[in-house]
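Comments concern the structure below.
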Amino acid sequence: MTEIWELYKAGQWEVPFLTFSIYLFVLGSFIMYLIIVASRSNKIKKERLRNEYSSLIEKIMASVIFEDASFSTIKEDKNFLVLFDTSFFREVLTESLINLHKNYEGIYAKKLEQFYKDSRLIKDSYRRLKSLKWEVKCRAITELAEFNINEAFDLIIALSKARNKTLKITAINACIKLGGTQSIAYLVEHSDPIDDWMQLNIINAFKKHDVGDTEGIEFLLESQNTTVVTLGLKLIKELKLTQKVPHVAQLAAQASNTVIKYEAQSILQALTV
């Protein structure tokens, strides 16, 4: 320590320090360059593999949808099994399944759902659901909801209380798709504030998934969470649930919160005009 202090007082530290700084900067720049090159190379490789896999996956999906081919039949191809053992191939396959499922209905959609289960791609989704990364969890939720895996409802509803807003919205939307009005019981007990953006997403989810049975939406008006009550009023208004008018009228007459009372009166007027 004394030697360093003497070197500092003598003013002979500038050259070694600057030399070290230059070497450190050059080394850091070189490492950064290697990281960028490796990342870019990895992306190019993945894109090339994606294009190669897509042509094979298209043939497989065509046989599943139009020729009633099962996974047990498809996996007899050894080349397919080798590819299926790689996580990236399964990732591309799952993406293709989702895109197809969004565009097909009825028996074709059921075939895709069965393939998703038989191929055990569903296990990949469940594993991603346990990830520490919120974006990976969102992806898993989307996959399970898309293929109507109702057994995942309880796991997904637990994630609706997550701190991350995107994860929370994704979980609630998925539960609406899977459980319909069954998810209302959980919304009633939701203790966290549901802001305007979340409310808009929830309302759109009810519209998008065409939840035919609206029984129970009125229970949102009984929640101790004022933002949940507001959500219930907006749902009744947006879905034009005139059969819920008595519940809105009761809230407008008895609500102690002036903001809620005003909103209820406004929606009551809109529904009765």
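Here the condition is being within 19 Å of Thr142 (Cβ to Cβ), out of contact with any Ser or Thr (no Cβ under 9 Å at 6 or more places or on another chain) and open to solvent by 90 Å² or more (accessible area, probe 1.4 Å); of Lys161, Lys240, Lys207, it holds for Lys207 alone.
Across the stretch 30-67, the qualifying residues are those that are among the polar types (S, T, N, Q) and modelled with pLDDT of 85 or more, and the one among them that is most open to solvent (accessible area, probe 1.4 Å) is Asn51. Regarding Ala255, is this residue at pLDDT below 85, over 25 Å from the mean Cα position of the chain (by Cα) and farther than 27 Å from Ala145 by Cα? Judged against the criteria, Ala255 is a match. For first residues located in the stretch 44-67 and more than 19 Å from Thr86 (Cα to Cα), partners that are surrounded by fewer than 16 Cβ atoms within 10 Å (Cβ to Cβ) and of a type outside the set (S, T, N, Q) and lie 6+ apart or on another chain with Cβ distances below 6 Å form the pairs Ile65/Tyr108. Flag: Ser96 matches the condition of being assigned to a helix (DSSP H, G or I) and crowded, with 16+ Cβ neighbours inside 10 Å. For the stretch 252-259, the criterion of being within 23 Å of Ser183 (Cα to Cα) and open to solvent by less than 60 Å² (accessible area, probe 1.4 Å) is met by no residue.
Residues that are more than 21 Å from Leu112 (Cα to Cα) and either in a loop (DSSP other than H, G, I, E, B) or in contact with a Phe, Trp or Tyr (Cβ under 6 Å, 6 or more places away or on another chain) (or both) within the stretch 129-175 comprise Lys130, Ser131, Leu132, Lys133, Ile157, Ser160, Lys161, Ala162, Arg163, Asn164, Leu167, listed in sequence order.
Taking the residues in the stretch 236-272 that are of a type in the set (Ser, Thr, Tyr) and touching a helix residue (DSSP H, G or I) at 6+ places or on another chain (Cβ under 7 Å) as candidates, determine which candidate is nearest to Ser223 (Cα to Cα). Per the criteria, the residue is Thr242. Can you say whether Arg120 is of a type in the set (Lys, Arg), open to solvent by less than 50 Å² (accessible area, probe 1.4 Å), out of contact with any strand residue (DSSP E or B) (no Cβ under 8 Å at 6 or more places or on another chain) and under 26 Å from Ser72 (Cα atoms), as far as the supplied structure shows? Judged against the criteria, Arg120 is not a match.
Run down Ser183, Ser191 and say which single residue is surrounded by fewer than 13 Cβ atoms within 10 Å (Cβ to Cβ) and within 27 Å of Lys130 (Cβ to Cβ). Working first, answer last.
Values: Ser183 fails: surrounded by fewer than 13 Cβ atoms within 10 Å (Cβ to Cβ).
On inspection, the qualifying residue turns out to be Ser191.
Taking residues in the stretch 216-233 that are at negative phi and at pLDDT below 90, and partners anywhere that are aromatic (Phe, Trp, Tyr) and crowded, with 21+ Cβ neighbours inside 10 Å, not one pair has Cβ atoms closer than 8 Å while being at least 6 places apart or on different chains. The set of residues from the stretch 132-158 being open to solvent by 30 Å² or more (accessible area, probe 1.4 Å) and in contact with a Ser or Thr (Cβ under 9 Å, 6 or more places away or on another chain) comprises Trp134, Glu135, Lys137, Arg139, Thr142. Checking each residue of the stretch 83-92 against the condition of being open to solvent by 80 Å² or more (accessible area, probe 1.4 Å), assigned to a helix (DSSP H, G or I) and out of contact with any helix residue (DSSP H, G or I) (no Cβ under 9 Å at 6 or more places or on another chain) gives no match.
So, in the stretch 99-117, of the ones that are aromatic (Phe, Trp, Tyr) and open to solvent by 10 Å² or more (accessible area, probe 1.4 Å), which residue ends up nearest to the chain's Cα centre (by Cα)? Steps first, answer last, please.
Within the stretch 99-117, the subset aromatic (Phe, Trp, Tyr) is 104, 108, 115-116.
With open to solvent by 10 Å² or more (accessible area, probe 1.4 Å) added as a condition, the list becomes 104, 108.
On the way: Tyr104: 21, Tyr108: 24 Å.
If we take residues in the stretch 99-117 being aromatic (Phe, Trp, Tyr) and open to solvent by 10 Å² or more (accessible area, probe 1.4 Å), then Tyr104 is nearest to the chain's Cα centre (by Cα).
The values are calculated or read from the model by the stated rules, or taken from the named source; none is laboratory data. No experiment lies behind these values; they were computed from the predicted model shown. Ideal geometry is used to build each Cβ from the backbone, glycine not excepted, and the neighbour counts take in all protein chains shown. Each accessible area value is taken on the protein alone, full model and side chains, heavy atoms only, with ligands, DNA and RNA left out. Shrake-Rupley method; radii C 1.70, N 1.55, O 1.52, S 1.80 Å.
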